[in-house]
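Heads up: the structure comes next, in structure tokens.
No value in this document is a laboratory result; all are computed from the given coordinates. What you see is a predicted model, and the numbers here were worked out from it, not measured in a lab. FYI the Cβ positions are ideal-geometry reconstructions off the backbone, even for glycines, and counts take in every protein chain you see.
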Amino acid sequence: MRFKEETEPVEVDTIDYEYRVNTEVITAVTVSGGQSDPDDPVSVKFRIGGTTYTVSNVYYPSGDSQLAWVKWTTPDTEQDMLITVTVIGPGSTSNSTINVRIVDLDQNKPPNPVADDRNDGFSYSPVPNRANQSSTSWGVWRPWWQENWVWYGDDEDGYWVDEGWWEFDYDSYTAKLISSMSIVCDSKNPTASRDTMKSGYGINQTVTGKVTTTQSTAVTKPHNAVSYFPEFGYETYWRLLEQTSSGKFEFQKNPYSTYKNRTHFTPIWMPDGAYTVNTWLIDAWTPTGMLSANLIDSLMISGSLWDDWHIAPANP
């Protein structure tokens with residue numbers, strides 16, 4: 001793959017794909033028409049944000065097709081972008097333009113809960129069915145020459161000519177997202193007992209994710225994880241997790257935490273029962289799209305922070 005720098009303003013009308021800021025992604029198109037082989041090859045040019053990426057030697061047999069893709073990193077600011085695609089050679093693609101939107105998920109952090117918060121009309125919402133794609137597959141056509149030697153001339157004088165043709169083998173590849181999620185009572189919670197806590201205290205979270213694949217150059221690791229909470233109906237406010245090590249995500253440090261812990265505070269009005277957090281692990285990209293996981297884990301709430309407060313008797 002080769003690239004060169006170019007600059008040109010772009011406009012985006014209808015959004016085809018949504019990516020996150022500062023994320024390594026894969027954009028793919030399907031090429032078909034005619035036959036692409038080493039004698040008559042196809043190349044695909046992706047023009048993205050002022051840079052042109054060229055994918056060469058995209059092969060496929062007559063009557064079939066081939067995915068062509070490029071791996072690139074999105075800008076670190078929100079914006080709309082137009083990707084243009086040019087096919088050179090016998091093939092073509094219906095996706096000559098791809099409109100994308102780059103969004104920043106670190107925008108809707110929950111407000112700091114306070115002691116006199118109330119929500120008398122609260123009722124639980126079901127956990128949303130967010131996209132959950134744990135595995136995928138794709139393939140690459142590999143041409144090879146089928147020899148067919150033909151003799152031209154008579155028995156005493158002549159020559160051999162290879163009148164062979166291109167045959168194709170199809171190499172299949174797979175990718176699988178392996179993920180897990182765990183929430184626990186915050187380490188500074190003085191009255192927590194295993195998986196039970198009082199409302200008003202905080203929780204900590206760990207999410208892990210990795211991609212196993214048979215073609216490592218064609219995938220990315222999961223880049224983002226976003227947590228949603230029952231007190232907001234699993235919408236309105238959320239927390240973009242921070243990747244603290246390879247494949248491991250935790251809450252960002254909370255500025256409202258006395259100890260600056262990686263914590264989320266539950267509201268003091270939260271009723272007794274299961275407190276379930278929903279985390280969407282996303283942005284593990286492949287030639288056939290994004291792998292993602294819709295994860296949940298729960299703790300039990302019993303009582304509230306007020307139960308740990310008492311008024312000391314006055315000195316006689």
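Summary of values
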{"read-out": "Volume per residue of the C-alpha convex hull in region 146-197, rounded to whole Å³", "value": "118"}
{"read-out": "Calculated Rg and Dmax of region 185-255 using C-alpha coordinates, Å", "value": "15.6, 49"}
{"read-out": "Alpha carbon convex hull of region 113-239, volume per residue in cubic angstrom", "value": "164"}
{"read-out": "For region 8-103, convex hull of alpha carbons as volume per residue, Å³", "value": "86"}
{"read-out": "Inter-label distance for THR217 and TRP309, nm, one decimal - labels placed 7 Å from Cα along Cα-to-Cβ", "value": "6.3"}
{"read-out": "Percent of C-alpha pairs per 10 Å bin, the chain, short to long", "value": "5, 21, 23, 18, 13, 9, 5, 3, 2, 1, 0, 0, 0, 0"}
{"read-out": "Stretch gain in nm, segment TYR237-ASP120, where the contour uses 0.36 nm per residue and the Cα spacing is subtracted", "value": "40.2 nm"}
{"read-out": "Extension gain, ASN108 back to ASP195 (0.36 nm per residue minus Cα-Cα distance, nm)", "value": "28.6 nm"}
{"read-out": "Cβ-placed point charges (K, R +1; D, E -1), dipole of region 23-151 about Cα centre in debye, nearest 20", "value": "120"}
